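Reading through the structure tokens given below for one structure.
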Amino acid sequence: MWLSHLQGYIGLYSLYSAKLNHRVISFEPESLNFAALNLNITDNNFQEKIICYPIALDNNFLISKLKISKFRFGSSGHTFH
């Protein structure tokens, strides 16, 4: 079974789902959180269970700018413009 995790953040729900033996596709557009997500996947040996992409998903096909609220690992509250 595959689960999709939008807003992958640093991987809390993705890692938990992988631990429950699910396969996960995770999406995280912010670069530092994407890096932390990948580090957490590797540190927990879930490379075969979690695939992550550095993109955001929307109902519309468009290219937009990500407004970063705070540029640091684990920050949130970013918006698209």
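The values are calculated or read from the model by the stated rules, or taken from the named source; none is laboratory data. Keep in mind the model is a prediction, meaning the values are calculated, not measured. Quick reminder, even Gly has a Cβ in these numbers, built from the backbone with ideal geometry, and neighbours come from all protein chains shown. All accessible areas refer to the heavy atoms of the entire protein, side chains included, with ligands and DNA or RNA removed. Shrake-Rupley method; radii C 1.70, N 1.55, O 1.52, S 1.80 Å.
Points 7 angstrom from Cα along the Cβ direction at TYR13 and SER75: gap in nanometres?
Label at TYR13, label at SER75, 2.3 nm between them.
Test of understanding: given the chain, find the longest segment containing no chymotrypsin sites (Phe, Trp or Tyr not before Pro) that are in a DSSP loop and have at most 14 other Cβ atoms within 10 Å. Mind dumping the intermediate values first?
Numbers: sites that count: PHE61, PHE71, PHE73.
Result, exposed sites excluded: 1-60.
Cα to Cα, under 26 Å, and not fewer than 8 places away if on the same chain: which lysines meet these conditions relative to LYS19?
Cross-link targets: LYS49.
What is the sum of charges around LEU15, taking Lys and Arg as +1, Asp and Glu as -1, for the other residues whose C-beta is under 10 Å from the C-beta of LEU15?
+1
Only bridges with both residues in the chain count here: give the DSSP antiparallel percent, nearest 5.
Percent antiparallel among DSSP bridges in the chain is about 20.
Filter the trypsin sites (Lys or Arg not before Pro) in the stretch 7-81 to those in DSSP coil with at most 12 other Cβ atoms within 10 Å of their Cβ, and list the result.
Taking the stretch 7-81 and a limit of 12 other Cβ atoms within 10 Å, the loop trypsin sites (Lys or Arg not before Pro) found are LYS65, LYS70, ARG72.
Could you tell me the relative contact order of the chain? Use alpha-carbon pairs under 8 Å, at least six residues apart, and round to a whole percent. List each step's numbers first, then the result.
Numbers: 137 pairs, mean separation 23.9, N = 81.
Here the relative contact order equals 30 percent.
Just to confirm, what accessible area per residue do you get for the chain at 1.4 Å probe, in whole Å²?
That works out to 73 Å² per residue.
Helix 31-43 versus the longest principal axis of the chain: what angle, 0 to 90°, nearest 10, using Cα atoms?
Once rounded, the angle reads 0 degrees.
Over the chain, what percent of the accessible surface lies on carbon and sulfur atoms, probe 1.4 Å?
That fraction is 58 percent.
Report the full-extension gain for the segment LEU32 to ASN44: residue separation times 0.36 nm, less the Cα-Cα distance, to one decimal in nm.
Between LEU32 and ASN44, full extension yields an extra 2.5 nm.
Near LYS65, which aspartates and glutamates are there with a Cα under 20 Å away, not counting those fewer than 8 places off in the same chain?
Result set, ordered by chain and number: GLU28, GLU30.
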